[in-house]
Structure formats: C-alpha cells, structure tokens
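First comes the structure, then the notes that go with it.
Each reported figure results from applying straightforward, stated rules to the coordinates on display, with no laboratory input. Everything quoted here is computed from the prediction, not taken from an experiment. Reconstructed Cβ throughout: ideal geometry from the backbone, glycine too, with neighbour counts over all protein chains shown.
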Amino acid sequence: MTGEIPAENLTGALGGYTPADQRTPLLPSKKQDLTVEADDGYHQASFSSAVFNLSTTTVGAGIMALPATMTVLGLPLGILAIIVSGLLTERSLDFLIRFSKPIKARSYGGLMADSFGKIGRIMTQLCIIVNNIGVQIVYLIIIGDVLSGAKGTVDSAHTGILVELTGGPTWWNGRLFVLTVTTLFILVPLACFRHVDSLKHSSALSVALALVFVVITTVVAIKKLFDGTIEAPRMLPDVYSISSLGRLFTVVPVLATAYICHHNLHPIANEMKASSGVEIDKVSRASITLCSVIYVATALFGFLLFGDKTASDILSNFDADLDIPYSKFLCDVIRISYAVHIMLVFPLLNFSLRLNLDSLLFPKRRPLSESSRRFYTLTAILITTIFIGSTLVPNIWVAFEFTGSTATVLLGFIFPGLIALRDSPRIATSRDKWVASIMVVVAVISSVSAIVTNVIDLSIPVDSTQPKNNLHGIYSYMGARS
C-alpha cells in the first residue's frame, strides 16, 4: 500500500515520539521505502478499548492448556515459566513499539522490511497467516466440541452442551449444523467490522468470560482445599530419562501461543486517538499484566484442583462431577462461557490475518478498509477456508504442535529479538542487545528441542509404564478424534 503517513497520528499512538526521545539515527534507512503504508484516517480508539482488544487477542484457547504445563514442570517452576514468558513478551512488544517509532512503521511486516528487506516482510506475513489460520481452525473445532461433543480418549472426550440439554444427538445439535449457524450468525458479522476498535465491546465481554472461568476455578479449588479433598501438588518436574528431560521443552509452544498478540499490536496502535497522548507501550504493559494474572491464577488453581489428573485441555476435567454443590451447573457455566469467549476472540485473529494476506497479495493498493470488494472477498475466502478446515480436516493436531514451535515462536520472540539486534534506526542500547540475544538464543533452543521431542514422540511409541509427564498432543485441545 502506498500513501503518506500523517506524522501526528503515528506519534500520538506510539507515544508522541520525537527525535529527542532516543538517539537520532546516523543515516536514514533506505529500506523505509518498503514500509510506506497508507492511513485510512480512523483514530478513535481509547486506552481501555486498546487494552481490551490486545488482551483478548492474547487470551485465546491457550488458557485451557496452561494448567497442564504444571504437570510437566511442577508447580513452582511452572508458575515461574508463565511469569518469565510474560516478561519476555512484554520486552518483545517493547522492541516492536520502540523500533517502529523512528521509521513510522504501521505494521509488523513493515518493521521487518526496514530491518531485513522484502524477505523479512514476506516471512512475517506468512508466519502470521499460518499461525492465525491454524489457530482459528482450532477455535472452530473447540466450539464444535463444546456445543456438540467430541469423541476420543477418556482424557479428551466431551459431551456437548446442546446434546446434554436435549437428551441426545439430533440433526440440529450436530457439529456441522452448529458450526454453520455459529459461523453465519456470530463469526461472520463480527469479522465484517472494518476497524479493530469496533470490537472493543465484544473484547471486553471476552475478557470478562475468561475471568468467569478463573473465578469459578479459584473458588472451587479453595473450597476443596479447606475441605481437605485436594492432594498436595507436585512441586518438581518428574525427570527420569534424557527423553523426559527433553519433554520439558514441550511447554514452549503452549506458553508462546498463550502470549502471542504481536500481530495485532500495530493495527491497534494505528487506530488510537492521536490527540489523547495515550501510548501503546502503556497499553501493552497493562494487557500483559492482566493476562499474566489470569494465566497464573488459571494454572495455579486448575492444577491444585485436579493435580496430576489435569488434562491437556482442562475443559475435559469439567465434564466430571466436582463433588461440590451445584457441580453440574458450574461446569456448564464454565463450558458455555469458554465457547462464547472463543467466538469473541475469533474476529480479532481474523482481522490481522486479513490485513496481512491483503498486504502480501496487494502491497501497493489503498487501505483494505476503503475497498469493499477486496475486504468482503478476502473475508469470505478466509472464513470459508477455515470452516472447511474445521469440518473436513479434524485430525490436524500434529501440525499445530509444529506451528506452535515455529511460526508462533518466530513472531513472539525471535523476530522482535532480531529487529533489536539488527538495530536499523541505530537506537538500541547495550542492554537491549543483551536482552535480545538471550531472547533469541533461548527461543531457538527451546523451539528446536520441542520440535525434536515432537518428532520422537511421533516415531517412537510411548511406554505406558513410564509417567506421562509431557504435553504431546497439547494442541489437540480435544485430543485424538474419531
């Protein structure tokens, strides 16, 4: 896309940057020509709107997998891993924000183009496309599982809410019909908003529904703790061999997916009020803090409640009797609120997916929000593709284990670290480069270890006599399906 960028809009959203704020670049970057992106003139988003949208982008389905990381790492190390991941995410978002200011980059791809040229932009866009399409397919499958049920192992089977309410399966509570109605009457209308700020109310509701799950889980866990019906949680990881040590790294895709929100950072910043002085860095810190609190509470109390019986997707645990008053009602509330929460996260992922696909295919066209033909055509193609993937290709979970270890880790940690190390605008401090180096090295080692472990788990049958302390299949939130 081409066009002039009003400096006052960008500097307002990104914190009123002026050359005095940071060290002035010695030479202008010639690669800025690759990042000239048009502004559609919409700048109405408030601080609360931006926080809700970024938080909802972050808190997706990954929240349900976090308690299972405690079964791998043990409680103290697991909580520490969540906190450290939050701190690294905050730092990676800070890199994206600060290095976007001097070059006025309006997208993640534009920022990567300034550092690594056209190849950097294309790689970033492809990672976002692969990540978001995959996650949205998973979201639709989860919605179908929660509402219509899922077959599988004891650990993964679900009885659908609608099937329970009607006393058995019918044509109208079947997966295909439920997903069709959900897509046409909920997901498509939400996906047709031209600006991410328009989703602020649905995002606020989505965060509230995530808090409903946290509150219920916390209250139930505390009650059972006082009743003395909760066993002492495992404190240390159960490492009994080299392979079990390697499986500790399988938590990396889970944590990376839980915190991934980088693809929506620039779209949210671009729509913030230029005259309000609101800074996107304050938005990112508030969002990551909120999400970290939700994640720690979910992991802590979810693991306290179910211990080593915590399923890869803790939602499976809420299919059973919790041995408390109103157990069935509370479990239904959790499952329904979770399904609605996922529906409200879906359009935010679709928003950045559509923007990046449009930028990849039509890099020099006017803004997508100003072209109805491109906007609706891309929306229809993407949602149709995702719908088909969720209904006809259900057994795709292994692929998500690898995308979580690759595309997601690249977007969340490796690319931001490389941007700081490349330091195209010459503003990085020595501390920035140390942090970026550590971020990239840890991310690469963890990612490679997770990939190798997944390959081994696929090629070598798991010994049933050994403790199952890994997250193999964690992206099959509803498990092996039939």
Practice problem: For residue 150, enumerate residues with amide H under 5 Å from its amide H, sequence gap 5+ or separate chain, H modeled in the peptide plane. | Solution: 158, 159, 160
Quiz item: Toward the positive end of the charge dipole of region 56-157, about the Cα centre and with charges on Cβ (Lys, Arg +1; Asp, Glu -1), which of 77, 146, 123 goes farthest?
Solution: 123
